[in-house]
Amino acid sequence: MTKMREQEPVDRFKAVWLIFVILGLGTLLPWNFFMTAIQYFKYRLQDVDVSSTVPTSNATSTMNVSAIPSENHLQRKFGNIMTLSAMLPMLIFSCLNSLLLPRIPQTLRISGSIIAIFILFLLTAILVKISIEPLTFFIVTMVTIVFINCFGAVLQGSLFGLVSLLPASYTTPIMSGQGLAGTFAALAMICAIASGAEQSDIAFGYFSTAFVVVLLALLCYHALPHLEFSRYHFKRKSEEWRKAQQEEGFSKMDLIKQDPTYTNERRSSANLMETHIVEQDGELSIINILRKIWPTALQVWLVFTVTIGVFPSVTVDARSSVSADGLWGVYFIPISCFLAFNVFDWLGRSLTAVCMWPRKDSKWLPAFIISRLVFVPLFMLCNVHPRKLTVVFTHDAWYICFMVVFAFSNGYLASLCMCYGPQNASAKEAETAGAIMSFFLSLGLASGACLSFLIRSLV
């Protein structure tokens with residue numbers, strides 16, 4: 001073992017690290033691009049008579065919901081239904097990904113998902129240039145969101161399984177890349193608004209920028225086997241897994257063969273039993289791994305349940321009390337909601353690369369995660385409209401401060417949980433443990449999406 005460690009190659013130029021940052025960027029890029037463009041989608045869902053009165057050459061009127069006189073039913077429910085349409089498929093396919101992990105080749109799962117996401121982004125960009133009635137646009141958009149998140153879930157679960165074959169610190173670049181995806185989307189939207197171009201050109205350019213990133217992610221994945229550092233760790237973990245599997249399989253069959261009734265006539269029965277043992281091992285291993293990592297899995301579930309419960313369904317409806325109708329009112333949501341969240345979420349995820357406190361067995365970790373529940377009432381009492389409750393935190397500064405702490409804690413605590421989870425499993429169980437953690441992450445997203453309907457109705 002000492003000799004092996006001495007010969008372990010170095011990640012030259014941090015190439016593998018950077019590749020997993022880009023792959024992490026690709027996993028959440030679809031969701032962030034759709035979520036950040038919620039104002040564009042609401043504009044497209046205007047009633048025909050209203051949209052005909054709004055000049056499409058004005059960036060303020062096309063990308064700012066506050067410029068729309070009133071919201072119809074589709075506009076009011078778009079944020080909640082969009083979140084649900086994204087998170088439920090992500091949950092279902094994360095579960096399928098955990099169960100089908102050994103049955104579908106990794107290359108097919110990752111490459112196929114990236115290619116499918118690329119095609120769906122292309123269709124979304126084309127749809128920008130097509131004029132269709134609001135209900136049809138709503139249905140097509142939701143179907144696209146469903147499919148793009150199905151493939152995104154398979155990609156995310158497969159990548160967490162893949163990165164578990166590397167040293168534990170390499171989970172951080174995936175989490176960091178996912179946080180960077182939101183920042184990238186928010187900056188793209190701000191630039192789109194600032195361009196002052198026509199609405200269709202703004203939206204087309206916005207969605208087209210995703211093509212380059214998705215294509216880059218595909219190229220980076222296929223570069224991994226050609227890098228010495230990743231090739232070394234993939235090969236070592238593969239050999240360890242095969243050796244452990246063979247030893248376990250031989251020990252079980254030896255017990256069967258020690259039976260005095262084992263004769264040549266019963267060899268066929270023993271072979272059938274061996275096949276049954278292999279099949280049963282897959283089911284039992286998932287249960288056994290879950291017993292080891294369930295506390296951390298529940299913690300990552302709670303982190304994302306709280307986050308998606310209010311973001312973006314509640315936070316996107318906040319209004320500036322400083323300059324609601326001025327320039328700051330136009331940029332308030334893109335900057336204070338989406339950009340602030342994604343920048344500080346990314347900083348929180350990235351901080352785990354240099355600091356991992358609390359430790360995985362510390363009581364402080366669940367305490368910090370539970371304390372995030374306070375953000376639900378805090379955002380409900382901000383200047384969110386329409387509303388039934390009294391506004392307590394009127395000034396924009398309150399909303400921005402809450403968003404900064406909310407986002408940073410989400411990124412940091414979620415990244416800690418995703419790093420700690422596979423560490424509680426053995427080397428041969430690490431890939432499956434990573435996929436299970438990804439499932440609970442998706443379960444938290446789906447739970448938060450369902451909860452968001454209730455929270456928004458109470459505001």
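What to note about this one:
- Subset of region 290-316 (residues that are of a type in the set (F, W, Y) and open to solvent by 10 Å² or more (accessible area, probe 1.4 Å)): W294, W301, F304
- Under the condition of being surrounded by 13 or more Cβ atoms within 10 Å (Cβ to Cβ) and over 18 Å from L215 (Cα atoms), the residues counted in region 107-140 number 6.
- Yes/no for R319 being buried (at least 17 other Cβ atoms within 10 Å of the Cβ) and touching a His at 6+ places or on another chain (Cβ under 7 Å): yes
- For S200: the one exception among (1) in contact with a Ser or Thr (Cβ under 9 Å, 6 or more places away or on another chain); (2) within 21 Å of S426 (Cα to Cα): (2)
- Looking across L373, L378, one residue alone is open to solvent by 50 Å² or more (accessible area, probe 1.4 Å), among the hydrophobic types (A, V, I, L, M, F, W, C) and either farther than 30 Å from T172 by Cβ or assigned to a helix (DSSP H, G or I) (or both). It is L373.
- Complete set of residues in region 388-410 that are open to solvent by less than 50 Å² (accessible area, probe 1.4 Å) and either assigned to a loop (DSSP other than H, G, I, E, B) or in contact with a Leu (Cβ under 7 Å, 6 or more places away or on another chain) (or both): V391, F393, F402
- Total residues in region 2-19 satisfying the condition of being open to solvent by less than 100 Å² (accessible area, probe 1.4 Å) and at pLDDT 75 or above: the figure is 8.
- Residues (assigned to a helix (DSSP H, G or I) and small (G, A, S)) located in region 320-334: G329
- The conditions of being part of a loop (DSSP other than H, G, I, E, B), open to solvent by less than 20 Å² (accessible area, probe 1.4 Å) and either modelled with pLDDT of 85 or more or of a type in the set (S, T, Y) (or both) are not met by L159.
- Which listed residue, of C450, C417, is open to solvent by less than 10 Å² (accessible area, probe 1.4 Å), more than 16 Å from L28 (Cβ to Cβ) and modelled with pLDDT of 90 or more: C417
- Annotation: of all residues in region 335-370 being free of Cβ contacts under 8 Å to residues at least 40 places away in the same chain and not in a helix (DSSP H, G or I), the one that is farthest from I455 (Cα to Cα) is V354.
- All of (1) among the hydroxyl-bearing types (S, T, Y); (2) over 21 Å from the mean Cα position of the chain (by Cα); (3) open to solvent by less than 50 Å² (accessible area, probe 1.4 Å) hold for S350 with one exception: (2).
- With respect to the conditions (1) within 17 Å of the chain's Cα centre (by Cα); (2) of a type in the set (A, V, I, L, M); (3) over 21 Å from S371 (Cβ atoms), A427 falls short on a single one, namely (1).
- Close pairs (9 angstrom Cβ cut-off, 6 or more residues apart or separate chains): in contact (Cβ under 8 Å) with a residue 12 or more places away in the chain and on the phi > 0 side of the Ramachandran plot in region 190-210, among the hydrophobic types (A, V, I, L, M, F, W, C) and open to solvent by less than 30 Å² (accessible area, probe 1.4 Å) anywhere: G196/A59; G196/I202
The values are calculated or read from the model by the stated rules, or taken from the named source; none is laboratory data. What you see is a predicted model, and the numbers here were worked out from it, not measured in a lab. Every residue, glycine among them, receives a Cβ derived from its backbone with ideal geometry; neighbour counts consider all protein chains shown. SASA here: full protein model, heavy atoms, side chains in, ligands and nucleic acids out. Shrake-Rupley method; radii C 1.70, N 1.55, O 1.52, S 1.80 Å.
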